[in-house]
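Data block below; observations after.
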């Protein structure tokens, strides 16, 4: 419930770009909307990809910029998973329909960016369910910010976000 409170505080009124991840990070310091500390892990990569420099700013100021730019991050599984990621597949499959309904009915983004390799098997299902928004992919796959090549992928994501913002 604490993470939901943190997240709600920075939800834009109009979501331009929804970043969809598979599983919420285990550590609060990697959770984008955590109120204190520096950005680590997923949170750092997302801020870099969004082009929001966080250096010499409080987390609150950086997150307010993220919000004003129309970015919002959500996870199919909002609670961290204790099992190994491969064991979370069943949980993702079970929760994905509800997440898609929430995105379509409540969040209503203009564009959706998949940022987790855990969502790769459901790209077609996601795209078919969310026809009202553009789905942005990395050469037909999610931008796998949860992979060992996360820094390179975050750079490609930033380029894709800049390119699609210009059009």
| message | Could you tell me how many of the residues in the range 15-28 are at pLDDT 90 or above and either surrounded by fewer than 17 Cβ atoms within 10 Å (Cβ to Cβ) or out of contact with any helix residue (DSSP H, G or I) (no Cβ under 8 Å at 6 or more places or on another chain) (or both)? | response | 1
| request: Can you tell me which residue within the range 38-64, out of those that are more than 24 Å from residue 147 (Cβ to Cβ) and surrounded by fewer than 18 Cβ atoms within 10 Å (Cβ to Cβ), is nearest to the chain's Cα centre (by Cα)? | output: 64
| message | For the condition assigned to a loop (DSSP other than H, G, I, E, B) and either at pLDDT 90 or above or in contact with a strand residue (DSSP E or B) (Cβ under 8 Å, 6 or more places away or on another chain) (or both), what is the one hit in 35, 97, 109, 53? | response | 109
| query | Looking at (1) surrounded by fewer than 13 Cβ atoms within 10 Å (Cβ to Cβ); (2) under 21 Å from residue 39 (Cβ atoms); (3) modelled with pLDDT under 90, can you tell me which one residue 163 breaks? | reply | (2)
| message | With the requirement that a residue be more than 20 Å from residue 16 (Cβ to Cβ) and either without any contact (Cβ under 8 Å) to a residue 24 or more places away in the chain or loosely packed, with under 15 Cβ neighbours inside 10 Å (or both), what does the range 118-136 give you? | response | 120, 121, 123, 124, 125, 128
| said: Being within 14 Å of the chain's Cα centre (by Cα) and under 21 Å from residue 148 (Cα atoms) is the filter here; which residues of the range 82-119 pass it? | reply: 113, 114, 115, 116, 117, 118, 119
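The values are calculated or read from the model by the stated rules, or taken from the named source; none is laboratory data. Model, not experiment: these values are computed from the prediction. Methodologically, a virtual Cβ is constructed for each residue, glycine included, from the backbone with ideal geometry; neighbour enumeration extends over all protein chains shown.
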